[in-house]
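Accompanying notes for the structure given below.
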4 protein chains.
Amino acid sequence: MIEIVHENSIPVSFGDCDPAGIVHYPNHFRWFDATFHALLRRWGGGHNAICAELGSIGLGLIDVGGTFRSPAVNGDRLDLVARIVEWNARTFRLAYKGMIGERLVVEGFELRGVFIREGERLRGGEVAPLRAILEAGAARAAS
Amino acid sequence: MIEIVHENSIPVSFGDCDPAGIVHYPNHFRWFDATFHALLRRWGGGHNAICAELGSIGLGLIDVGGTFRSPAVNGDRLDLVARIVEWNARTFRLAYKGMIGERLVVEGFELRGVFIREGERLRGGEVAPLRAILEAGAARAAS
Amino acid sequence: MIEIVHENSIPVSFGDCDPAGIVHYPNHFRWFDATFHALLRRWGGGHNAICAELGSIGLGLIDVGGTFRSPAVNGDRLDLVARIVEWNARTFRLAYKGMIGERLVVEGFELRGVFIREGERLRGGEVAPLRAILEAGAARAAS
Amino acid sequence: MIEIVHENSIPVSFGDCDPAGIVHYPNHFRWFDATFHALLRRWGGGHNAICAELGSIGLGLIDVGGTFRSPAVNGDRLDLVARIVEWNARTFRLAYKGMIGERLVVEGFELRGVFIREGERLRGGEVAPLRAILEAGAARAAS
């Protein structure tokens, strides 16, 4: 299996923090999502190009979780790594790990699908074509 | 056990949605957190008053998860219910359920603690005094 | 001139506030925008329906400003009023005023246009058809 | 006058954009504010250290404006420059300019003060000590 991974370095700012002075936690998920989109850009040309090729409206979220190990504050630099750890028929799973220096701040995951519009509803399309795009991008980079 | 619960009605707006036209998922956690704070206000006088009484810097997050069942879009009204479902020695757990009309949109949970500052570090304080405050508020309302 | 106005009542939460305990100011603009979209919903059936009728991709922003008179904090209820105060050929102007009880918190404006996609570019379409939709909605409500 | 300026390079992500596919405008102000805080960090050791020295609760916002010249979308890199262009007795003014490559996207300003808590109220303190801190930082860097 070719590993699909991307590292993002996120500057934590004053406005990301709450009255306790700590990052307001939904921002961590904003950063998960931004890192996923940066991964798509790096290995597959970006969400728009990939969705056009797959006939999908979006590589949307099904399930997500996060565990917070230590606080992040204004001025910190959060090094966040996203890694695709599971390819299923109609879902794929990303693992996230965020460090500030040597200190673990957040761990989490996202389970996503390839959303296809069918009339009023969304259904999950096949994931294999997405895998092929990203692995081809990673193989080109490795060669 | 006295049930600690709060219902929040959230108007979903254009700016909460992404280029696929669906709520950008970190906003769901923003709404979880806002509903938790509304619950504190209703039953315990709000986060500030409670933290002052407990000597805490915040009723912070340890672990969180969400499962997304169907999309929410601009103009929807999301009825989000928060419920405290577990009181442990140093953590407590909330369950969340968000509906648009009869349709299930999101389910999730938060595991939180009573954060106490100790020098540079945070530790989890006892949860029993928080429980006493909220149950007293709920008992007053019921009587 | 038929007045197009909408009042929005916004619960200010912990997560809207920064480490100084005061609303992080970009949230005020999020609330301006949400109030504009609620105004469209009330008088014209919502942004989607209006844009479909006008062949527009969005009633987008050109210019915006805000003046902050006093702070808003967790637990406040911000009463925000949006009013269309100017109809020009290719732009229209909204005025905003936000109060907490009797206290003025924020005043501002937005200058918006009816964005039409032309190849790679956006241009500002005529505003008169938008005005007709909203004034017809307001006239129906008044009768 | 020693120039106090800071350039920030901001990756625009999918989740920053609205259903029209364009950056939801309050995010531009989030980036203004983050760039201001990065400027404080670079020249004065950061907001916390500066406020401790000045006895201030925050270098808060009084007035703000933005003009949007062209859209920013997912995958763009926004080069945003903040510059202090005016030092008054109790306020100071920043100018912002955001480019994507050679294309102008946003121009704006912030008028800020040195907020001092006095009982329940905030008042604007003297700005000269802040100016001294930042100009000393810039002078050290230049020498």
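The values are calculated or read from the model by the stated rules, or taken from the named source; none is laboratory data. Note that the coordinates shown come from a computational prediction; the quantities given were computed from them, not determined experimentally. Note that we place each Cβ from the backbone using ideal geometry, even for glycine, and neighbour counts take in every protein chain shown. Accessible surface areas use protein heavy atoms only, side chains included; no ligands, DNA or RNA. Shrake-Rupley method; radii C 1.70, N 1.55, O 1.52, S 1.80 Å.
Descriptive notes on the structure:
- Helices (runs of 4 or more DSSP H) contained entirely in the range C:26-143, each with at least 3 residues that are within 28 Å of B:L40 (Cβ to Cβ) and open to solvent by 20 Å² or more (accessible area, probe 1.4 Å): C:26-44
- Number of the condition not met by B:V85 [criteria: (1) of a type outside the set (S, T, Y); (2) closer than 15 Å to B:H37 by Cα; (3) within 14 Å of the chain's Cα centre (by Cα)]: (2)
- Selection within the range B:65-79: residues that are within 14 Å of chain A (Cβ to nearest Cβ) and of a type outside the set (V, I, T). The member of this set that is farthest from D:D18 (Cα to Cα) is B:G65.
- B:G15 being over 21 Å from B:V85 (Cβ atoms) and either open to solvent by 20 Å² or more (accessible area, probe 1.4 Å) or out of contact with any Leu (no Cβ under 8 Å at 6 or more places or on another chain) (or both): yes
- Residue in the range C:1-11 that is touching a Gly at 6+ places or on another chain (Cβ under 7 Å) and at pLDDT 95 or above present: no
Yes/no matrix, rows are residues, columns are (1) more than 13 Å from chain D (Cβ to nearest Cβ); (2) free of Cβ contacts under 8 Å to residues at least 60 places away in the same chain; (3) not hydrophobic (A, V, I, L, M, F, W, C):
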| site | (1), (2), (3) |
| --- | --- |
| C:N8 | yes, no, yes |
| C:G15 | yes, yes, yes |
| C:Y25 | no, yes, yes |
| C:R41 | yes, yes, yes |
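- Lone qualifier among C:I62, C:I4 - being farther than 27 Å from B:A49 by Cβ and within 7 Å of another protein chain (Cβ to nearest Cβ): C:I62
- Taken over the range D:12-25, the residue count meeting the criterion of being part of a loop (DSSP other than H, G, I, E, B) and among the acidic types (D, E) is 1.
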